[in-house]
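The values are calculated or read from the model by the stated rules, or taken from the named source; none is laboratory data. Bear in mind that the values here come from a model prediction, so they are computed numbers and not experimental data. Note that each Cβ is placed from the backbone with ideal geometry, even for glycine, and that neighbours are counted across all protein chains shown.
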Amino acid sequence: MKVSGFTFIRNAIRFDYPIVEAIRSILPLCDEFIVVVGNSEDNTTQLIENISSPKIKIISSIWDDSLREGGRVLAAETNKAMDAISADSTWCFYIQGDEILHEKFHAPVKKSLEEWKDDKRVEGLLFNYLHFYGSYDFVGDSTRWYRKEVRIVRKDTAIRSFRDAQGFQKNSRPLHVKESGGTMYHYGWVKAPSKQQEKQKYFHSLWHSDDWMKKNIPDTLEFDYSKIDSLKHFDGDHPAVMKKRIETQNWKFDFDPTRKKLSPKSRFKLTLEKYTGWRIGEYKNYKLI
């Protein structure tokens, strides 16, 4: 069994992506790792090179700005990385630049990789998600956050990144998957307010026109984290690769988890989910088998 990690990144330093931590978090499970580095205005390539792992192969890329609508450029860059994976790989392990796999999940994920490697019905493995927001002390607990995503797919040229690179499809249909046994820690909403605002402006520019940006994105220097519906305290431990980053956190975010800003509809959906596990209207780009 051969496992190939893959990701893409652009301007990691400028937008404060924990891409090094992301790569290191799954590197022990991978035999090779493909990193597609887009045309950046900072030293992103050097940042990846400094990981100094013989497993890592860096590919330079120029983003196609004509794929702006719907974030399609993100899927295009993901597919570039997939296409560079060795033909003899069994599994392709995808991670985005703000996702981290806690080391406590290495063993169960490896077990799943071994268990399903010869069962061609299994086209991917599904991960649970924790979404941190505002600081490393809070996670989102409303229905606005996705609960699961496919992050490991079988080496198959028919499997491609879908829409804005959130998931994958095979021949335009959802993948047939099993649970991986792992949980991804998503830190995309944990940055200094100034960095978060800069990232939001750039990120939305991948989806929307300049006119839309002017009307909908505040022209401010800092992101307003207070406009969130519901959070809860995180009482677990963070991945070891995040320790240094967390220790150097230099902003403060306070939130009272008892003061929810939920509509009656959202409260009903959360109550139903609590007692049944079912989330009304949940988007699933996969089929659990």
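A few notes on this one:
- Single match in LYS201, LYS195 (criterion: in contact with a Phe, Trp or Tyr (Cβ under 9 Å, 6 or more places away or on another chain) and at negative phi): LYS195
- Residue match in the stretch 27-41 (condition: buried (at least 16 other Cβ atoms within 10 Å of the Cβ), on the phi > 0 side of the Ramachandran plot and either part of a helix (DSSP H, G or I) or of a type in the set (A, V, I, L, M) (or both)): no
- Close pairs from the stretch 132-148: first closer than 22 Å to ASN285 by Cα, partner part of a strand (DSSP E or B) and of a type in the set (Ser, Thr, Tyr), Cβ under 8 Å, at least 6 apart: GLY140/TYR133; TRP145/TYR129; TYR146/TYR129; ARG147/TYR129; LYS148/TYR129; LYS148/TYR286
- Hits in the stretch 245-266 (condition: at pLDDT 85 or above, exposed (fewer than 10 other Cβ atoms within 10 Å of the Cβ) and either over 24 Å from the mean Cα position of the chain (by Cα) or not in a loop (DSSP other than H, G, I, E, B) (or both)): GLU247, ASP256
- Matching residues in the stretch 41-95 - criterion: being at pLDDT below 95, hydrophobic (A, V, I, L, M, F, W, C) and touching a Lys or Arg at 6+ places or on another chain (Cβ under 8 Å): TRP63, ALA75
- Pair list, Cβ under 6 Å, 6 or more apart: the stretch 47-63 residue within 11 Å of VAL20 (Cα to Cα), other residue of a type in the set (D, E, K, R) and crowded, with 17+ Cβ neighbours inside 10 Å: none
- Number of positions in the stretch 39-95 that are in contact with a Cys (Cβ under 9 Å, 6 or more places away or on another chain) and more than 27 Å from VAL177 (Cβ to Cβ): 0
- Strands (runs of 3 or more DSSP E) lying entirely in the stretch 84-158 (those with 3 or more residues that are under 19 Å from the mean Cα position of the chain (by Cα) and not β-branched (Val, Ile, Thr)): 91-94, 124-133, 148-154
- Taking first residues from the stretch 240-263 that are under 21 Å from LYS227 (Cα atoms) and partners that are surrounded by 12 or more Cβ atoms within 10 Å (Cβ to Cβ) and among the aromatic types (Phe, Trp, Tyr), the Cβ contacts under 6 Å between residues at least 6 apart in sequence or on separate chains come to PHE253/TYR225; PHE255/PHE138.
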